[in-house]
Amino acid sequence: MPSPARRWGLRIAAVGLAAALGLGCAIPASADQLDDRKQQLNGQISSADDAVEESSKALQDAIATLKASQGDLAAAQAALQSTQDQVTAAKAEDARLAAELRAAQAALDEATAAVEAGQQAITTQRSTIGEIARDQVQQQHNLMGVAVLLQNGSTAGLQTRIQLSTTMMETNSAQLDRLNQLQAQLEAAQAAKAEATAKVAADRAAAAQVVVSLNALQATQADQQATVSAAVDANRTAQEAAQAEVAKDTQAYQDLSAERDKVNADIAARDEAARKAAAAQAEADRKAREAAAATSSSSSSGGSGSNASAGSKSNSSGAGSSTRASSSGLAAPIAGARITSSYGMRVHPITGVYKLHDGTDFGAACGTPIRAAASGKVTQRYYNGGYGNRLFIDHGSLGGVRTTTSYNHLSKYAVSVGQTVKQGQVIGYVGKTGYATGCHLHFMVWRNGTMVNPGSYL
């Protein structure tokens, strides 16, 4: 069984379509006229039913499409945002690695310069030591020390020659130490250069990988931006379609409200006419009784009295037929059936419009007998695009209040217009005609021409 709001939404769309086709906005005056009209419009009604169902489905499909498009758009935006975050992070990493690479390259350049300088220094030092060695080879031999002592000259000259020899040996030793020092510095510079070279290579490889990743992310980002753009367009289209269907639904409800107002006015007018007729009949009966009493007192003729009595009886019978009363009130039209939707205002789950559910719904299988809520006279039965097969019973006065009931969505009728029925008599069968997606009875009540909550009188 569909939800109350769903059924009501279906109902109002059906009435809107039926109104557009000229179906059921006015209540025909007789059963024959109604049945003839239904036969004439059979094809249109059939088409109306199909179109109504499509309209209702269109509204729900439009909302479903809108929700799906909103979900797709949100997912696409989330994916794009995630990729954009990754792109931002990749760009930051690329910038960091570029800075590191520049620093590593600067360190490599410095280390390379240091190695070149060291190599140049060693080359120079080796040249200096070579020159000293050549001088020593040229100037010295194994007996140089003896030669220094044996050379002619003064004691002062001897000391000078000894000092010179010592200085030359010390100088040669110092140059060798300097060479060793330069060699150690060169090795350190070469190690630093090797380390800087490895760092530059690693940084370049890392930077290259980040560039590859960044390029892939940017390609993904472009695709996702296109997806988001398409999702935005789809969502806009879905919103427009949903708004159009909501507008149709709103118009349909307005059409239904207009029909309901017409029915209310017709019943109120009929009840008022019945009250006036009853009052006029009562007044006529009173005058007839007074006239009969006056005639009886002024004339001794038995024939006149008999005629007056007969006339009074005839008039009284007519009054009785126009004012039927039931002391038992209204009984449930389907005993024991579950109420699936009560009378009252509610918010449409899709459009958010505050709407009136103008009757009480009894859930029952199609074909279940429907019984008269009270004794009365069948005044109308006809088909309406929203309410389906409808049947109205005028119960006359119940507890001093004129009461009318209506039975809707019937699968078929069991009584005819003008027929008098008793409380509990089968008048029709449960169906799902009109704007109903499941088998149920939509039961309505009017008291003194005003539509009321049936639950308050059952």
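What follows draws every value from the coordinates through simple rules; no lab data is involved. Note that the structure is predicted; figures quoted are calculated from it, not measured. When we count neighbours, we look across all protein chains shown, and the Cβ atoms used for this are built from the backbone with ideal geometry, even at glycine.
Cut-off 15 Å, label point 7 angstrom out along Cα-to-Cβ of VAL426: give me the residues of the stretch 390-413 whose amide nitrogen falls inside.
Those under the cut-off are 411-413.
Between ALA284 and VAL401, how high is the FRET efficiency from 1/(1 + (r/R0)^6) when r is the Cβ-Cβ distance and R₀ = 30 Å? Nearest 0.05. Let's see the in-between values first.
Details: r = 24 Å, r/R0 = 0.79.
Once rounded, the FRET efficiency stands at 0.80.
Taking 7 Å along the Cα-to-C-beta vector as the label spot, tell me the VAL347-ALA202 distance in nanometres, rounded to one decimal.
For the pair VAL347/ALA202, the computed spacing is 6.3 nm.
Please give the Cα centre distance for the stretch 431-451 versus the stretch 202-219, rounded to the nearest Å.
71
When a/c reaches 1.5 or more, the comparison of a/b and b/c decides; with that in mind, is the stretch 342-458 rounded, prolate or oblate per its Cα gyration tensor? Could the numbers behind the result be given before it?
Numbers: a/c = 2.00, a/b = 1.25, b/c = 1.60.
Cα axes put the stretch 342-458 in the oblate bin.
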